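Read through the structure below, which is laid out as structure tokens, and then see the notes.
The values are calculated or read from the model by the stated rules, or taken from the named source; none is laboratory data. Given the structure is predicted, the values throughout are model-derived calculations rather than measurements. Methodologically, a virtual Cβ is constructed for each residue, glycine included, from the backbone with ideal geometry; neighbour enumeration extends over all protein chains shown.
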Amino acid sequence: MITMKAKYAIKALARLALAPPGEPVLIADIAEAESIPKKFLEAILAELKQHGVVHSRKGRGGGYLLSKKPETITLAAILRVLDGPIAPVPCLSRTAYRRCDGCTDEATCSVRLVLREAYAASVEVLERTTLADVAKNASLLAAHERLPLRYSI
């Protein structure tokens, strides 16, 4: 399960991905549009800035922008920045591997063997899903919600 921090980050980053290129977005606007507590969002964006995911402009016309194209920022990268390793057990982690405490043989560990397939499937989805995909889905949903429903008989 992802943290609320990561969920809010994905929503905020998708909002930045929808902004016209080079046009900064104010924290207050993101917080209001996505129902994210402003102080929490400030801390999240500061952490993302520290890791090079976003950058900010100060002063009039300032705000936050993505540091890279949304097509190049994966959900896996965002989760690793904010939540740390994605793997359910450390012996499966790509970025923070370590042998599990008390493990005598990884090759025959029943816990590792059961979780390996589920982990591989979820990481594959997170690695191929980008902010551009999330933004596109959010945009389509918003457009759909504004249209009146029509039924034909």
Query raised in the report: SER139 fails exactly one of the following numbered conditions: (1) at pLDDT 95 or above; (2) surrounded by 11 or more Cβ atoms within 10 Å (Cβ to Cβ); (3) more than 14 Å from the chain's Cα centre (by Cα); (4) in a helix (DSSP H, G or I). What is the number of that condition?
Result: (1)
Requested in this report: Can you run down the residue pairs with Cβ atoms below 7 Å, 6 or more apart or on separate chains, where the first is in segment 81-109 and aromatic (Phe, Trp, Tyr) and the partner is buried (at least 16 other Cβ atoms within 10 Å of the Cβ)?
Outcome: TYR97/CYS91
Report summary line: Residues of segment 56-105 being polar (S, T, N, Q) and closer than 27 Å to ILE27 by Cα, in sequence order, are SER56, SER67, THR72, THR74
Report task. Starting from segment 13-31, take each residue that is assigned to a loop (DSSP other than H, G, I, E, B) and list its partners that are of a type in the set (Lys, Arg), counting only C-beta distances under 7 angstrom and pairs at least six apart or across chains. Result -> PRO24/ARG57
Report task. Would you mention how many residues in segment 72-108 are under 18 Å from the mean Cα position of the chain (by Cα), assigned to a helix (DSSP H, G or I) and of a type outside the set (Asp, Glu)? Result -> 9
Query raised in the report: Which members of segment 33-90 meet the condition of being crowded, with 19+ Cβ neighbours inside 10 Å and within 12 Å of LYS5 (Cβ to Cβ)?
Result: ILE36, LEU41, ILE44, LEU45, LEU48, ILE78, LEU79, LEU82
